[in-house]
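Heads up, the thing below is written out as structure tokens.
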Amino acid sequence: MEQSKNLMELAEELGANCCVNIAGSQGEIWDGFYRENYAKDTYALIVDSVREIIDAVKPKRTFYTIESMPWMVPDSPDEYLQLLKDVDRKAFGVHLDFVNMMNCPKRYLFRDEFIEECFTKLGPYIKSIHGKDVYMENSYPTVIRESIPGTGKINYQKVAKLCESLGPDTTLFVEHLPDFESYKKAAAYVREQAVLAGIL
């Protein structure tokens, strides 16, 4: 909690749009999947923790955000909306990772519709967005893998238009790549798709 407050203070001092964190897990691995991640007491702890961080820093410019994740709160647009309501702080916003929430075949197969749902429901609260790609293997029971933009099935022309609908300064950034060349390649692909969509 102290580290989170310190990072939030730094983000506010720098005038960053947001400070991104995750809710965290109820196990040994900080981002691990555990049944306890969905316990009522865990949800209450998340709400109290976000409030405590925001109330301690009292930010004027920077939003505190929780990254959407596959197996912890929040793992859906509706759950994120509920979390926003329950935290009830103006400085609490959304860091959208729509790929992280593609945690079942239906969301993957209807990914265009799901991404649009994310932007429609969370749009007013979105402060930053992760740009990643995803593909599903023909394997049992279900294997869905994150990948570099341009190597999966995400329609980045659609994503670019949805980002633009939030305003020209909406932040979308790529992540989880092994080296600088991969980052350049991913960013170039996203920009290329934005041009094709008539955005850049």
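We did not get these values from a lab; they are worked out from the coordinates using the rules stated. Not measured: the values here are computed from a predicted model. Because the Cβ atoms are built from the backbone with ideal geometry, glycine has one as well, and the counts that use them run over all protein chains shown.
A few remarks follow.
- The order of Cys163, Cys104, going from fewest to most other C-beta atoms within 10 Å of their C-beta, is Cys104, Cys163.
- Summed side-chain charge close to Arg61 - residues other than Arg61 whose Cβ falls under 10 Å, Lys, Arg +1, Asp, Glu -1: -1
- Within the chain, percent of DSSP bridges classed antiparallel, to nearest 5: 25
- Per DSSP, loop GluC sites (Glu not before Pro) in region 7-54 with at most 10 further Cβ within 10 Å: Glu28
- With K and R counted +1 and D and E -1, the other residues having a Cβ less than 10 Å from that of Ser25 yield a net charge of -3.
- Cα-centred dipole magnitude for the chain, charges only on beta-carbon of K, R (+1) and D, E (-1), debye, nearest 20: 520
- Electrostatic dipole magnitude of region 1-96 [Cβ: Lys, Arg +1; Asp, Glu -1; Cα centre; debye, to 20]: 380
- Candidate membrane-span-like segments in the chain, meaning DSSP H helices with Cα atoms spread over at least 20 Å of their own axis and a Kyte-Doolittle mean of -0.5 or above, are 40-57, 180-196, with no membrane implied.
- Length-normalised contact order for region 61-200 - Cα pairs under 8 Å, 6+ apart - percent: 20
- Taking amide H atoms as placed 1.01 Å from N in the peptide plane, the amide H of Thr171 lies under 5 Å from those of Ile129, each 5 or more residues away in sequence or on another chain.
- Residue exposure sequence - Trp71, Trp30 - by fewest surrounding Cβ within 10 Å: Trp30, Trp71
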